[in-house]
């Protein structure tokens, strides 16, 4: 679930893997193995995503092409292509829209927990999730 959130937020498998590893490391160093609060882990991951975005802007690095065609079954390719389309469409959303939607879809967190992580009201989370889904649907349909 956490990795799915990171993938949806970053759109990059390797970056999501790195952020997941760093998130768990920081979580364990700070809170130890006895603590099991998922919202803290998601908050750490979210902050690392933002840190990475700031570094990319500061360094003005170009984003590399993440599309690596894989020779496999036709069905696998179709599913993978649809997944890429969704990830690409998510990257066109505003950062806060993408973040809230990724939290809602990828985690088993309640809207209340997401509101705590994002620092906004629960009602605002619901509105943002609804609007982000509608916007994402429009982006995907326009791309077809």
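Observations, loosely collected:
- Residue ranges of helices (runs of 4 or more DSSP H) in the stretch 74-144 with at least 3 members closer than 22 Å to residue 12 by Cα: 74-92, 95-106, 122-143
- Residue satisfying condition, being modelled with pLDDT of 85 or more and loosely packed, with under 14 Cβ neighbours inside 10 Å, within set 98, 137: 137
- Going through (1) surrounded by fewer than 13 Cβ atoms within 10 Å (Cβ to Cβ); (2) part of a helix (DSSP H, G or I); (3) in contact with a helix residue (DSSP H, G or I) (Cβ under 8 Å, 6 or more places away or on another chain); (4) at pLDDT below 90 one by one, residue 51 falls short only on (3).
- Top-ranked residue in the stretch 101-113 [being more than 13 Å from the chain's Cα centre (by Cα) and without any contact (Cβ under 8 Å) to a residue 60 or more places away in the chain; ranked as surrounded by the most Cβ atoms within 10 Å (Cβ to Cβ)]: 111
- Within the stretch 2-18, residues that are at positive phi sit with their Cβ atoms under 6 Å from residues that are modelled with pLDDT under 90 and surrounded by fewer than 20 Cβ atoms within 10 Å (Cβ to Cβ), at 6+ positions apart or across chains, in these pairs: 11/87; 11/91.
- Test: residue in the stretch 58-71 that is at pLDDT below 85 and closer than 23 Å to residue 119 by Cα: no
Every residue, every condition in (1) modelled with pLDDT of 85 or more; (2) part of a loop (DSSP other than H, G, I, E, B); (3) in contact with a helix residue (DSSP H, G or I) (Cβ under 8 Å, 6 or more places away or on another chain); (4) over 19 Å from residue 108 (Cβ atoms), yes or no:
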| site | (1), (2), (3), (4) |
| --- | --- |
| 4 | yes, no, yes, no |
| 22 | yes, no, yes, yes |
| 27 | yes, no, yes, no |
| 56 | no, no, no, yes |
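The values are calculated or read from the model by the stated rules, or taken from the named source; none is laboratory data. Everything quoted here is computed from the prediction, not taken from an experiment. Backbone-built Cβ (ideal geometry, glycine too); neighbour counts: all protein chains shown.
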